[in-house]
Structure formats: C-alpha cells, structure tokens
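Working notes for the structure below.
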C-alpha cells in the first residue's frame, strides 16, 4: 500500500430552510496521512533514498524523518434554485502542515511549517427553453507559493441544445464548451520515478480550449462525437500541461456506449 491514513475525523453541519428552494451546509475536516511508500523508499538507476532494503527481514524503514501531513479544512456551501436558475457556491479555508512533496531535485522533502489556502467555487446553471447554459469558476489564493502549485483561476463554460428527434426515437445534445486556465508554474515530471516535482524555471502561459460536441441516445446505445481544441492556432498553436510536455492538438473523438439490456 502506497499511502496509509493514520487518522481522520469529520464533522458536518447541515441546514435547510423548509419551504424554500435553498440549502446551506458546512463541513469541518481534519485529516492526517502518512508519506507514500515511494516517498519513504526508492532505489533506481538515477535516484535512491531511504534505508536500503533488508531482504532477510523484508523491511522498508523510513530514515528520512518524514512526519505525517495534516490538513484542517473548513468549508461553507450554498445551493439555491430560483425558477430556471440554479446557483451553487462554496468557500474553503485549508491549512496544510508538514506537507511531503518532491523538491527541485525530484527527491522527497517536507515543508517546515503550515501553508494556508483559500478557495472559492461558483456554478450557475439555467435554461431558456431547450437551450442550456452551465458556467463554473474556481479561484485559489495561496496556491502558487512555496511547495503548493495551483492555478489562480479556472473556468469552464458550456452551452448546448438538447431535445428529442424523430418522434422521440433519439435524445440528443449539440453544443460547445470552453475551458480556461490562468498562467502558473506547473510541476515538472521525472520519468525515472514517475513523479511530479517542484520547479521554478518554467511558467506555463494562460490558455483556453474550446470543444464542440454532438451526443445521441438511441435506447441502450449512446454515441458521442467531439472536435477538441478547435481554437488551436487562433491565439497560440498549443499549450503546456507541464514543462516541455505539450497537450494534445486539435483532434476528432468518437465514443460509443452500448448497454446490453433493456
């Protein structure tokens, strides 16, 4: 087992106002988990850390002095429906202590103190007849400092038309989706250890990816067609998901799901 959770406790307070389409809830979460086996012990052609494996005792001992990572999180949520509009929002205050990560040399390390994150999410869905709109935004503060790397802003917007065709023989959707991510310093990747590690020399630019799609359900058969990254070449010819690793270019995707039962 690569990771063992040493202790976890959760308290949740739920509240709902009777007679109104409004719900609010909160969550207090405290978690402690141990370093993974790879973080404690690794031996390869390019990297080696931890105590040497004792074949006679089958014992991997952690001599790096890594402590458990502890996370305390307080979250508040609101879910409100007004007619055709539904709004979901949440805000979280997260404190991470003794984080175990891979440093700039791609070796395990542990933060010397606590790291504070503030996150917020908002989702708005509504429809006008058979036209549906779904917009989401996620904001993070404190996610581009020290050992934690998270983009400051992520958004996802979708618009689609759905309905029946051919006397309700086919239920389908046709629409478009746009994903946006702000610039950040992503983790680098080490093929030798197959782990992502911290880096400070490469900044990935912000980018947007637009897709168009068509779906159709015919009883137990579902067909999905998508042209991904149709906006390639408009502002730039590609984008990086990690240093010097580009994402997939414009492409056509086809998916079929067939459930063999009525």
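Tabulated values for the structure
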| item | result |
| --- | --- |
| Hits in the stretch 128-162 - residues which are at pLDDT 90 or above, farther than 16 Å from residue 92 by Cα and surrounded by fewer than 16 Cβ atoms within 10 Å (Cβ to Cβ) | 128, 129, 130, 131, 135, 159, 161, 162 |
| All positions within the stretch 237-262 that are within 21 Å of residue 186 (Cα to Cα) and surrounded by 12 or more Cβ atoms within 10 Å (Cβ to Cβ) | 238, 239, 240, 241, 242, 243, 247, 248 |
| Candidates 89, 143, 172, filtered to the one that is in contact with a strand residue (DSSP E or B) (Cβ under 9 Å, 6 or more places away or on another chain) and more than 17 Å from residue 75 (Cβ to Cβ) | 172 |
| Strands (runs of 3 or more DSSP E) wholly inside the stretch 154-262 that include at least 2 residues being within 30 Å of residue 125 (Cβ to Cβ) | 170-181, 207-218, 221-228, 251-258 |
| Single residue of 207, 213 found to be out of contact with any helix residue (DSSP H, G or I) (no Cβ under 7 Å at 6 or more places or on another chain) and closer than 30 Å to residue 105 by Cβ | 207 |
| Flag if residue 180 is surrounded by 14 or more Cβ atoms within 10 Å (Cβ to Cβ), in contact with a strand residue (DSSP E or B) (Cβ under 6 Å, 6 or more places away or on another chain) and either farther than 25 Å from residue 131 by Cβ or free of Cβ contacts under 8 Å to residues at least 24 places away in the same chain (or both) | no |
| Flag for residue 240 being farther than 18 Å from residue 179 by Cβ and in contact (Cβ under 8 Å) with a residue 40 or more places away in the chain | no |
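Residue-wise test of (1) part of a loop (DSSP other than H, G, I, E, B); (2) within 24 Å of the chain's Cα centre (by Cα); (3) at pLDDT 65 or above.
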residue	(1), (2), (3)
8	no, yes, no
20	yes, no, no
23	no, no, yes
27	no, yes, yes
39	no, yes, yes
56	yes, no, no
62	yes, no, no
70	no, yes, yes
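The values are calculated or read from the model by the stated rules, or taken from the named source; none is laboratory data. On a predicted model such as this, the values are computed, not experimentally measured, just so you know. All Cβ positions, even for glycine, are placed from backbone atoms using ideal geometry, and neighbour counts span all protein chains on display.
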